[in-house]
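Working notes for the structure below.
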Amino acid sequence: MLKYNILEEIRVTEKEEIDLQKEYIKKVRDINKNKKLKYYILTMGCSLNENDSEKLCGMLEEMDYSKTENFEEANFIVFNTCCIRENAEDKLFGKLGEVKKAKKENNAIIAIGGCMMQEEHILEKLNKSYPYVDIIFGTHTLHKLPEDVYKILEGTNKKIEDVLDIDGKIYEDLPIKRVDNIKAQVTIMYGCNNYCTYCIVPYVRGRERSRKPEDIINEIKGLAKEGYKEIMLLGQNVNSYNGGKNYNFANLLKDINKIEGIEKIRFISPHPKDFTDDVIEAIATSEKVCNTLHLPLQSGSSNVLKAMNRKYTKEQYLKLVEKIKNRIPDVALTTDIIVGFPGETESDFEDTLDVVRKVKFEQVFMFIYSRRKGTVADKMENQIPEEIKHKRFDRLKELVESQIKENNQKYIGTIQKILIDGTSKTNENTLSGRTDSNKVVVIEADKKYINQTVNVKITQDCMWYLKGEIV
Ligand code: SAH
Ligand code: SF4
Ligand code: F3S
């Protein structure tokens, strides 16, 4: 894809690089002082992007920009993009059209970063049709935002395009402004080596690389001191975490479990092929690790799984589920499924429905297969017509919804221990939290309960969430 930038070689160690960026932060802060500048950020994609955005916000706030939810009044606009499926492109270009006015009225700086910027055809389109974008950065150059902003403000550069195709290093100690003050997301590894044939991630995020255990543990200890109670560990394939000799994901879970102040530990996403017994054991024996597991299936057909390069069969997946259910009896399983992968026959699709019926997932994230340039599956000849993909999607959705409805009944009347993490997304007057199994529970109660763990009696099933009352 993109060329290797030789200049990057001369750049010093990761620590020196971050120190350099901190100098740029100071320089920008001097320029921005007393100007009451605002930034607007739009994040697309997965939790890893959300965590990256928290770092972008951290850097921007240290550069004396304060956050606004209204891009029309922003002096700095940043989009952190995703390219996992095609519709993300339409969303970005639509948004870019909208913010052109802010550029004119507030002389706003417009920056775009993230996964989509690692795609050459996107850069070409941006350069051709959206010349008013000031800064373009990729997934390996996010930490250089202060330098980019400084150069634009100073006029050293009229426009910056800083995208690298090398495997990124790991930059610790970036400023961070978290969206939540009870739950914190902590990225433990970057990139992916799996090359599932439908997926763009390995091309845009680079090779798998793990943070050092001590860096992760210290970050979480710091979070516990700040009052955070719940930790979500992030990575494209968390259970292939490699913290050095004889230190794997199971060791990490057990060590985080010992950190005082942290009450709940969750993680996404593990890969079924790497789900070793020691990880199951660590979940079963670490009391803070939630009994909820996101175990991406993708397809229930062994033929399709092979074509997807998932490295497990339908039988192996079901066996793994059985093993997990035996060791962790109250486990709640969630999954991701793609329908309409090239060559998927009616009988392959039936296999997917079969696994869904057998496993009885707590939640299923369903996706219609989307062709991604540069991936192996995009070149496969037996692409499935849109109409068939949609019909299968609807059939799967119907099955999933009926199962969720049935499954929800087991909660009614039970008492659940719930950490109230804020007001509900749709109604400011109600509170919300999650069961141990990660099911959202909405509660009508006083705001004083926010940040407390309380006993809640589940009273009502509302399909995607439950209602309850504090007892
Ligand atoms: N690393 C994680 C998932 C990352 S992407 C894992 O392996 O589970 C999140 C989900 O998006 C995937 O699990 C997959 O279901 C879906 N996805 C990825 N590429 C896709 C594509 N080309 N079309 C449709 N869905 C896709
Ligand atoms: Fe994509 Fe597969 Fe890696 Fe997940 S494991 S990010 S689906 S290549
Ligand atoms: Fe999207 Fe990048 Fe995540 S492509 S799903 S934001 S890793």
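Looking only at region 11-53, residues that are among the small types (Gly, Ala, Ser) and crowded, with 19+ Cβ neighbours inside 10 Å come to 2 in all. Kindly indicate whether any position in region 341-357 is of a type in the set (Lys, Arg) and either more than 16 Å from ligand 2 (Cβ to nearest atom) or under 30 Å from Thr435 (Cα atoms) (or both). Yes - at least one qualifying residue is present in region 341-357. Scanning region 354-388 for residues that are under 23 Å from Glu322 (Cα atoms) and buried (at least 16 other Cβ atoms within 10 Å of the Cβ) returns Val355, Val356, Val359, Phe361, Glu362, Gln363, Val364, Met366. Residues in region 430-464 that are within 24 Å of Val289 (Cβ to Cβ) and assigned to a strand (DSSP E or B): Ser432, Gly433, Arg434, Val440, Val441, Thr453, Val454, Asn455, Val456, Ile458.
Only residues in region 377-401 that are under 25 Å from Asn309 (Cα atoms) count as the first member; pair them with residues that are modelled with pLDDT of 95 or more and polar (S, T, N, Q), Cβ under 8 angstrom, at least 6 apart or cross-chain, and list the lot. Qualifying pairs under 8 Å: Ala377/Thr197; Met380/Thr197; Leu396/Thr352. Selection of region 301-339 for residues being within 16 Å of ligand 2 (Cβ to nearest atom) and in a loop (DSSP other than H, G, I, E, B) yields Asn309, Arg310, Lys311, Tyr312.
Condition check ((1) modelled with pLDDT of 95 or more; (2) not basic (Lys, Arg)) across all residues:
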residue: Val331; (1), (2): no, yes
residue: Glu344; (1), (2): yes, yes
residue: Glu350; (1), (2): yes, yes
residue: Lys358; (1), (2): yes, no
residue: Val376; (1), (2): yes, yes
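Candidates Glu61, Glu89: the one that is surrounded by fewer than 18 Cβ atoms within 10 Å (Cβ to Cβ) and under 25 Å from Glu23 (Cα atoms) is Glu61. Quick one: in region 255-288, which of the residues that are aliphatic (A, V, I, L, M) and assigned to a loop (DSSP other than H, G, I, E, B) is nearest to the chain's Cα centre (by Cα)? The residue in question is Ile262. Take Arg392 and tell me if it is touching a helix residue (DSSP H, G or I) at 6+ places or on another chain (Cβ under 9 Å), more than 16 Å from ligand 3 (Cβ to nearest atom) and at pLDDT 95 or above. Yes; evaluated as a whole, the condition is true for this residue. Can you find even one residue in region 184-203 that is away from ligand 2 (no atom under 16 Å from the Cβ), under 20 Å from Cys82 (Cα atoms), outside any loop (DSSP other than H, G, I, E, B) and of a type in the set (S, T, N, Q)? There is at least one residue in region 184-203 that is away from ligand 2 (no atom under 16 Å from the Cβ), under 20 Å from Cys82 (Cα atoms), outside any loop (DSSP other than H, G, I, E, B) and of a type in the set (S, T, N, Q). Being loosely packed, with under 15 Cβ neighbours inside 10 Å, of a type outside the set (S, T, N, Q) and within 16 Å of ligand 2 (Cβ to nearest atom) is a description that applies to Asp167. Among the conditions (1) part of a strand (DSSP E or B); (2) crowded, with 17+ Cβ neighbours inside 10 Å, Val400 misses just one, which is (1). Being within 16 Å of ligand 2 (Cβ to nearest atom), hydrophobic (A, V, I, L, M, F, W, C) and either closer than 27 Å to Asp436 by Cα or not in a helix (DSSP H, G or I) (or both) is the filter here; which residues of region 204-243 pass it? The answer is Leu233, Leu234, Val238.
Filtered by the rule that a residue be within 16 Å of ligand 3 (Cβ to nearest atom) and either touching a residue at least 60 places away in the same chain (Cβ under 8 Å) or within 30 Å of Glu260 (Cβ to Cβ) (or both), region 289-330 gives His294, Gln298. Condition first: among the acidic types (Asp, Glu), under 18 Å from the mean Cα position of the chain (by Cα) and either at pLDDT below 95 or assigned to a helix (DSSP H, G or I) (or both). Can you find one or more residues in region 52-60 that meet it? Within region 52-60, one or more residues are among the acidic types (Asp, Glu), under 18 Å from the mean Cα position of the chain (by Cα) and either at pLDDT below 95 or assigned to a helix (DSSP H, G or I) (or both).
Here are some residues: Lys379, Lys373, Lys389. Which one is of a type outside the set (Phe, Trp, Tyr), closer than 30 Å to Cys115 by Cα and touching a His at 6+ places or on another chain (Cβ under 7 Å)? Residue meeting the stated conditions: Lys373. Residues that are part of a helix (DSSP H, G or I) and among the charged types (D, E, K, R) were ranked within region 84-99; the one that is nearest to Met116 (Cα to Cα) is Glu89. Annotation note: Cβ proximity below 7 Å between a residue of region 49-67 that is in contact (Cβ under 8 Å) with a residue 60 or more places away in the chain and a residue that is among the β-branched types (Val, Ile, Thr) and in a helix (DSSP H, G or I) (sequence gap 6+ or interchain) occurs for Met59/Ile25; Glu62/Ile25; Met63/Ile25; Met63/Val28; Met63/Val149.
Considering only residues of region 100-157 that are within 16 Å of ligand 2 (Cβ to nearest atom) and assigned to a loop (DSSP other than H, G, I, E, B), which is farthest from the chain's Cα centre (by Cα)? The selected residue is Glu119. Identify all residues within region 149-184 that are within 16 Å of ligand 3 (Cβ to nearest atom), touching a residue at least 60 places away in the same chain (Cβ under 8 Å) and touching a Lys or Arg at 6+ places or on another chain (Cβ under 8 Å); write none if there are none. Selection gives Asp165, Ile170. Does at least one position in region 149-158 carry a residue that is polar (S, T, N, Q) and surrounded by fewer than 21 Cβ atoms within 10 Å (Cβ to Cβ)? Yes.
The values are calculated or read from the model by the stated rules, or taken from the named source; none is laboratory data. Predicted, not measured: the structure shown is a model, and the values here were computed from it. Here the Cβ is made from the backbone with ideal geometry for all residues, glycine too, and neighbour counts use every protein chain on show.
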